[in-house]
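Data first, discussion second: the structure below is written as structure tokens.
The values are calculated or read from the model by the stated rules, or taken from the named source; none is laboratory data. Quantities reported herein were computed from a predicted structural model and do not represent experimental measurements. A quick note on method: Cβ atoms are made from the backbone with ideal geometry, for glycine too, and the neighbour counts reach across all protein chains shown.
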Amino acid sequence: MSSDFEVKEYEFNTETLNNINPKYINWPVVYLINNNNKIYIGETSNIKSRMKQHLENPDRKFLKLINIIFDKKFNKSAILDIEQNLIRMFYADTRFDSDSGILNKNNGQSSKHNYYQREMYLNKLVDIWKKLQQKKLVNNSYNSIVNSDIYKYSPFISLTNEQEDIMCKIINNILDCLEGKSTNETSIITGLAGTGKTILAINLIYNIVNADFSNIDTFEDDEIEILSEFDKTMHRLRKYILCNGKMKIGFVVPMTSLRETLNVVFKAINKKNLKNIVIAPGDVTKDNYDIIICDEAHRLAQYKNIANMGHFKKKCEELGINENTSTQLDWINMKSKYKVLFYDGNQTIKGSDIQADKMDDLIQKNSDNCYSLTTQLRCKSGELFLENIDKLFKCTLKNRIESSKDFEIKVFDNPNEMIERIKQLDKEMGLCRNVAGYDWEWKSKGKSYEEIRKKDLYDFNFEGKKYIWNHTNKAWILSNNAVNEIGCVHTVQGYDLNYVGVIIGPDLSYNKEKNKIEVNINKLKDSNVKRGTDEKTVQKYIINTYKVLLERGIKGCYIYACDEGMQEYLSEHIENYNSNRE
């Protein structure tokens with residue numbers, strides 16, 4: 001820990017105003033004011049003045065202690081960033097109740113821009129958090145917090161300029177429609193994996209639901225003009241809500257696992273305002289909505305290859321539409337005044353998913369309200385990694401895909417060695433998982449661990465070492481035994497991992513003479529993907545599945561291919577992992 005770094009505790013009272021260390025005064029600091037049950041997190045460049053304001057605030061004057069976080073290297077941008085991250089981390093921790101124990105009414109005034117040595121300042125959070133643990137202000141370790149769903153999907157993540165700009169445009173589109181200034185009823189946001197679609201959706205919902213109109217600012221026209229675009233948009237939103245009341249919002253998430261996760265996150269962050277907002281596509285038909293926001297819209301279903309055809313048909317009958325020509329998107333259209341769709345056609349992986357041509361037509365019809373997220377926020381390697389993965393499958397990659405100081409990519413010659421390496425990394429940093437293409441029968445489905453062991457119902461056998469598929473479909477990534485299991489695409493789509501180990505099954509092989517990756521759909525064990533779908537489309541789904549799996553890692557991606565030719569092809573373009581390296 002830097003010798004310049006310290007956390008100093010004082011009694012929170014007027015006497016302390018005269019006893020604060022002079023070096024903290026007129027210097028950028030982060031501070032925490034708390035009693036046993038409640039806490040407020042803030043930043044300031046004048047701690048005496050700010051503390052006096054808090055002591056006069058009826059909501060905070062009853063707090064008992066103030067901890068001042070000081071560093072000689074702090075600047076205004078750094079403390080804004082650290083404050084915002086600490087608020088986000090406290091919501092993910094369990095020490096203070098997120099609904100009533102954390103007194104911050106917003107997510108802090110985070111610095112969205114890059115600034116000099118930003119990474120160094122954010123790395124200080126590890127030391128700050130350890131110090132707060134020692135003081136018993138937090139319960140959980142730094143790694144467990146940053147790997148938690150509540151942290152990763154927090155509405156308190158500071159949006160990039162690109163994300164905030166799109167959010168403002170969407171809110172204005174919604175208001176134009178609801179105020180009768182536009183007949184357009186749809187906004188569509190596209191973006192590749194890891195570009196922050198889900199985070200933008202969550203922030204959009206949070207800002208609409210929590211728009212505070214109780215003490216709305218009164219601005220003259222010339223004053224409004226000089227506001228930032230975000231402040232202008234929120235002012236307009238508050239005025240609309242003041243005149244028309246709160247809007248009814250539904251957050252549709254087609255994938256069961258991700259839906260369960262986001263339900264938990266929303267309930268933890270704000271039990272009152274966000275309660276029951278996250279819904280399945282089938283729930284849409286039960287009510288009417290002002291706005292429906294749909295994440296992973298490429299996973300909306302049609303009447304094809306789905307597990308519960310009867311349920312789909314019943315919903316269509318309730319709405320008076322033909323199930324054979326309708327999709328879950330039609331349900332959303334009929335039950336909402338405005339819809340916001342987050343879409344990535346490259347992540348369509350099943351025949352039941354909504355057809356690309358329907359979404360393409362919708363995008364074309366709503367071109368003025370279509371926006372694209374381009375900045376890679378997941379993989380530390382940035383946009384280049386996704387571009388190279390795409391070229392790898394198209395066999396057009398000219399250069400090797402190299403690891404960097406921020407992102408490691410390696411090919412393993414042995415699947416067991418890769419699986420063990422992922423387990424080792426999981427012990428070190430958490431949230432590292434092995435996944436595979438759907439080329440192995442799910443013999444362990446619905447069986448207890450004891451029954452699997454007694455009856456030898458393992459799904460994988462690599463040179464005598466046996467493994468099973470994900471034992472649960474819901475929130476598998478954070479389930480207790482996940483690191484010892486192998487996940488499928490349905491358990492990880494929409495999530496991110498620190499490291500991912502990807503087993504490419506025998507459905508992919510490499511033809512050296514043709515310089516082509518060949519897809520054998522007969523090796524695929526998911527009959528729902530193949531049923532009633534032509535071979536070329538199934539091949540596309542399989543490739544998309546592997547892209548989804550390979551793009552899950554934040555810090556690294558390991559790969560093993562069952563086909564010898566495919567393994568050789570990968571090794572030509574990606575460095576092999578050397579277990580004996582220094």
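Residue 396 fulfils the conditions (1) touching a Ser or Thr at 6+ places or on another chain (Cβ under 8 Å); (2) surrounded by fewer than 13 Cβ atoms within 10 Å (Cβ to Cβ) except for a single criterion, (1). Could you list, in sequence order, all residues of segment 492-514 that are out of contact with any helix residue (DSSP H, G or I) (no Cβ under 9 Å at 6 or more places or on another chain) and either of a type outside the set (Asp, Glu) or not assigned by TED's automatic domain parsing to the domain that holds residue 410 (or both)? Listed by number, the list holds a single entry, 514. Taking first residues from segment 124-144 that are β-branched (Val, Ile, Thr) and partners that are surrounded by 15 or more Cβ atoms within 10 Å (Cβ to Cβ) and part of a loop (DSSP other than H, G, I, E, B), the Cβ contacts under 7 Å between residues at least 6 apart in sequence or on separate chains come to 138/93; 138/95.
Among the residues of segment 339-353, those identified as in contact with an Asp or Glu (Cβ under 8 Å, 6 or more places away or on another chain) and under 16 Å from residue 279 (Cβ atoms) are 339, 342. Restricting attention to segment 51-74, the residues that are in a loop (DSSP other than H, G, I, E, B), out of contact with any Lys or Arg (no Cβ under 7 Å at 6 or more places or on another chain) and hydrophobic (A, V, I, L, M, F, W, C) add up to 2.
Give the residue, chosen from 292, 279, 321, that is in contact with an Asp or Glu (Cβ under 7 Å, 6 or more places away or on another chain) and modelled with pLDDT of 90 or more.
On the way: 292 fails: in contact with an Asp or Glu (Cβ under 7 Å, 6 or more places away or on another chain); 279 fails: in contact with an Asp or Glu (Cβ under 7 Å, 6 or more places away or on another chain).
After ruling out the rest, the residue left standing is 321.
Listed conditions (1) of a type in the set (Lys, Arg); (2) part of a loop (DSSP other than H, G, I, E, B); (3) surrounded by 14 or more Cβ atoms within 10 Å (Cβ to Cβ) are all met by residue 48, apart from (2). Against the criterion of being in contact with a strand residue (DSSP E or B) (Cβ under 9 Å, 6 or more places away or on another chain), modelled with pLDDT of 95 or more and either crowded, with 21+ Cβ neighbours inside 10 Å or not β-branched (Val, Ile, Thr) (or both), residue 500 qualifies.
Listed here are the residues, each with its yes/no results for (1) hydroxyl-bearing (Ser, Thr, Tyr); (2) outside the structural domain of residue 205 (by TED's automatic domain parsing); (3) in contact with a Lys or Arg (Cβ under 8 Å, 6 or more places away or on another chain); (4) closer than 30 Å to residue 428 by Cα.
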site: 128; (1), (2), (3), (4): no, yes, no, yes
site: 166; (1), (2), (3), (4): no, no, no, no
site: 177; (1), (2), (3), (4): no, no, yes, no
site: 181; (1), (2), (3), (4): no, no, no, no
site: 186; (1), (2), (3), (4): yes, no, yes, no
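Scanning segment 477-497 for residues that are small (Gly, Ala, Ser), buried (at least 21 other Cβ atoms within 10 Å of the Cβ) and under 20 Å from residue 146 (Cβ atoms) yields a total of 2.
Among the residues of segment 462-476, not one is surrounded by fewer than 21 Cβ atoms within 10 Å (Cβ to Cβ), of a type in the set (A, V, I, L, M) and touching a strand residue (DSSP E or B) at 6+ places or on another chain (Cβ under 9 Å).
Could you tell me whether residue 220 is charged (D, E, K, R) and at pLDDT below 90?
Details: charged (D, E, K, R): yes; at pLDDT below 90: yes.
The answer is yes for residue 220.
Counting only residues that are under 19 Å from residue 252 (Cα atoms) and part of a loop (DSSP other than H, G, I, E, B), which one in segment 167-193 is modelled with the highest pLDDT? Taking the candidates together, the pick is 185. The residue that is nearest to the chain's Cα centre (by Cα), counting only those in segment 139-197 that are more than 30 Å from residue 498 (Cα to Cα) and among the charged types (D, E, K, R), is 169. Only one entry of 413, 406 meets the criterion of being in contact (Cβ under 8 Å) with a residue 60 or more places away in the chain, closer than 21 Å to residue 485 by Cα, surrounded by fewer than 16 Cβ atoms within 10 Å (Cβ to Cβ) and not β-branched (Val, Ile, Thr), and that entry is 413.
Scanning segment 277-330 for residues that are crowded, with 21+ Cβ neighbours inside 10 Å, assigned to a loop (DSSP other than H, G, I, E, B) and on the phi < 0 side of the Ramachandran plot turns up 295, 300.
Looking only at residues of segment 358-393 that are touching a residue at least 60 places away in the same chain (Cβ under 8 Å) and among the hydroxyl-bearing types (Ser, Thr, Tyr), we find that the one that is surrounded by the fewest Cβ atoms within 10 Å (Cβ to Cβ) is 374. Yes or no: residue 328 in contact with a strand residue (DSSP E or B) (Cβ under 6 Å, 6 or more places away or on another chain), touching a residue at least 60 places away in the same chain (Cβ under 8 Å) and among the polar types (S, T, N, Q)? In short, yes. Is it the case that some residue within segment 253-274 is closer than 27 Å to residue 104 by Cα, among the hydroxyl-bearing types (Ser, Thr, Tyr) and buried (at least 22 other Cβ atoms within 10 Å of the Cβ)? Yes, that holds for at least one residue.
Does residue 367 qualify as being in the same structural domain as residue 301 (by TED's automatic domain parsing), farther than 30 Å from residue 531 by Cβ and among the hydroxyl-bearing types (Ser, Thr, Tyr)?
Working: in the same structural domain as residue 301 (by TED's automatic domain parsing): yes; farther than 30 Å from residue 531 by Cβ: yes; among the hydroxyl-bearing types (Ser, Thr, Tyr): yes.
It is true that residue 367 is in the same structural domain as residue 301 (by TED's automatic domain parsing), farther than 30 Å from residue 531 by Cβ and among the hydroxyl-bearing types (Ser, Thr, Tyr).
Out of the residues in segment 443-461 that are touching a residue at least 12 places away in the same chain (Cβ under 8 Å) and in contact with a Leu (Cβ under 6 Å, 6 or more places away or on another chain), which is surrounded by the most Cβ atoms within 10 Å (Cβ to Cβ)?
First, pick out the residues of segment 443-461 that are touching a residue at least 12 places away in the same chain (Cβ under 8 Å): 443-445, 449, 452, 457-460.
Checking the rest, the ones that are also in contact with a Leu (Cβ under 6 Å, 6 or more places away or on another chain) come to 443-444.
Numbers: 443: 15, 444: 21.
It comes out as 444.
Against the criterion of being basic (Lys, Arg), surrounded by 20 or more Cβ atoms within 10 Å (Cβ to Cβ) and not assigned by TED's automatic domain parsing to the domain that holds residue 429, residue 105 does not qualify.
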